[in-house]
Amino acid sequence: MNNHHKRHSSLLCTAIAAAIPGLASAAEGGFIDGSSATLNARNYYFSRDFSDIVGPNQQSKAEEWAQGFILNFKSGYTEGPVGFGVDAIGLLGIKLDSGRGRVNSGLLPVQDDGEAADEYSRLGVTGKMRLSKTELKVGELQPNLPVLAFSDIRLLPPSYQGVNLTSSEIAGLTLQAGHLNSTSLRNEAGDDQMIAMLGHLPQRGAVSDAFNYAGGDYAFNAARSTASAWYGQLEDIYNQRFLGLKHSQPLGAWTLGANLGYYDAQEDGDRLLGDIDNQAFFSLLSAKHGGHTFYLGYQAMYGDSAFPRVFANIAPLGNEVPTYEFASADERSWQVRYDYDFSALGVPGLIAGVRYIEGDNVDTGRGFEGEDFERDLDIGYVVQSGPLKNLGVRVRNVTARSNYRSDIDENRLIFNYTWNLL
């Protein structure tokens, strides 16, 4: 590990050790009156078997186990018409188990010698300013937008560096705009340029130091409906527009839901990836009754290109999951899903879900039609009482098969516990 990473690790360890007394002391001042601080401990085991890869030069499995700590501090605002504040995030990842032939799980950085780093860390700070119901943030950001979804699906969350403006001056309407100039990936400590991704393939030769976005969400119909319109631009690579509608409708003992979205993307500026032509439509319908929730989804890609995004994020497409995206060129896919909340049977905290997605009509560019499917099983439990109260456990098992990309058998075991420090 280089000296830069060691310095960050030392700073973060010191911050975590001093968090409780330091924050308690700061709370006595007016600046901290509206603040909050949490420390999340996340233990993550990840195993992904690429069962159809053979040969001495190809890695057939990614399997790692790591411990992460996520320290979040959000200050209140100073008094007066214009309030000022500061947020901070500290991240620390520690290797528990890995190996040269099992790296690249997304949990840990990979060093030049092919081994996973023993640890990695990051400390990010955000300055903020508020006037009425408008807020400006500069520094470390974690936006969650239809054109740049927040993908906290590994040991530590990713982040970006830039500026974001959010305004909620009109009732029901939230507007945002921003400019990002670098990113810190989920398994990296430093800042770097943003990499483009088409479908499931990262395009490491196409990088940008500017992602611009603007858009808004309008909630109406007693907040049961939300309409969205967004624009995103990964400068010199692609630009993308999004229109979405969400609705929830009570109907007797049932609650019916719909999530509809449409994306349109094309090449941008210097066209570092060449021509891009993608239109994506998705629909995800739901019906909830008691502890039961049923889903039916349809998703379709149009145009000559796969769905573009910033690496390594998932997108809010209805049929996209963290293993397969079902977003290749010309792909059509269907989803059926069933979730159950066991609190309906008197077991609060226990949830389970099963999902099956099947896609076809993929333009592989290799003279045959691509097809794929994925089956997911998720079980989660949050301890409700006793000394382990609020400890969360999640188990995920995946089987994914394709005739044009690697088959995957995947297992994840995740433990989460959060302390409220302030």
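Quick note: the coordinates plus some simple rules give every number you see, no bench work behind them. These numbers come from a predicted model, not from an experiment. Positions of Cβ are generated from backbone atoms using ideal geometry, with glycine treated the same way; all protein chains shown enter the neighbour counts.
Convex hull volume of the C-alpha atoms in the range 193-422, normalised per residue: 161 Å³. In this structure, the residue pairs whose Cα-Cα separation is over 22 Å, taken from LYS95/LYS128; LYS288/LYS389; LYS246/LYS288; LYS128/LYS389; LYS128/LYS246, are LYS95/LYS128; LYS288/LYS389; LYS128/LYS389; LYS128/LYS246.
Please give me the summed charge of the neighbours of GLY297: other residues whose Cβ is under 14 Å from its Cβ, Lys and Arg +1, Asp and Glu -1.
-3
In the chain, Cα pairs under 8 Å separated by at least six residues give a relative contact order of 13 percent. Tell me the label only: which of (1) 62, 23, 19; (2) 31, 26, 20; (3) 32, 28, 25 is semi-axes √(5λ) of the Cα gyration tensor in Å as calculated from this structure? Only one listed value fits the structure, namely (3). Positive end of the dipole of the range 232-345 (Cβ unit charges, origin at the Cα centre): among PHE342, GLY244, GLY318, the Cα lying farthest that way belongs to PHE342. Here the chain is treated with +1 on each Lys and Arg Cβ and -1 on each Asp and Glu Cβ, and its dipole about the Cα centre works out to around 1380 debye. Each residue of the range 309-325 is assigned a 3J(HN,Hα), and the resulting list reads 7, 8, 5, 10, 9, 7, 10, x, 4, x, 9, 8, 10, x, 9, 9, 9 Hz, derived from the Karplus form 6.51 cos²θ - 1.76 cosθ + 1.60 (θ = phi - 60°), x at Gly and Pro. Under a 5 Å amide H cut-off, with hydrogens placed 1.01 Å from N, GLY349 pairs with SER343 among residues at least 5 apart or on other chains. Net charge dipole, the range 297-422: roughly 700 debye, given to the nearest 20, about the Cα centre with Cβ charges of +1 for Lys and Arg and -1 for Asp and Glu. Estimated purely from DSSP H runs of n ≥ 4, each contributing -39500 (n - 2.57), the mean residue ellipticity at 222 nm for the chain is -1500 deg cm²/dmol once divided by its residues.
Among the trypsin sites (Lys or Arg not before Pro) within the range 248-351, which fall in a DSSP loop and have no more than 11 other Cβ atoms within 10 Å of their own Cβ? Kindly include the intermediate steps, with their values, before the conclusion.
On the way: sites: ARG271, LYS288, ARG309, ARG332, ARG337; in loops: ARG271.
Qualifying residues, ordered by number: none.
Positive end of the dipole of the chain (Cβ unit charges, origin at the Cα centre): among PHE69, VAL163, LEU260, the Cα lying farthest that way belongs to PHE69. Annotation: extensible slack from ASN144 through ARG100 equals 12.5 nm (criterion: 0.36 nm per residue apart, minus Cα-Cα distance).
Looking at the range 118-172, the trypsin sites (Lys or Arg not before Pro) that sit in a DSSP loop and have at most 12 other Cβ atoms within 10 Å of their own Cβ are LYS133. Restricting the range 196-265 to trypsin sites (Lys or Arg not before Pro) that sit in a DSSP loop and have at most 14 other Cβ atoms within 10 Å of their own Cβ leaves ARG224. The residues packed around SER182, meaning those with a beta-carbon under 9 Å from its beta-carbon, carry a net charge of -3 if Lys and Arg are +1 and Asp and Glu are -1.
Simple rule: put +1 on each Lys or Arg Cβ and -1 on each Asp or Glu Cβ in the chain, find the dipole, and look at THR174, LEU422, GLN203; the Cα lying farthest toward the positive end is LEU422. Taking a Cβ cut-off of under 14 Å around LEU251, the surrounding Lys, Arg, Asp and Glu residues balance to a net charge of +2, with basic ones at +1 and acidic ones at -1. For the range 193-422, the relative contact order comes to 12 percent (Cα pairs under 8 Å, sequence separation of at least 6).
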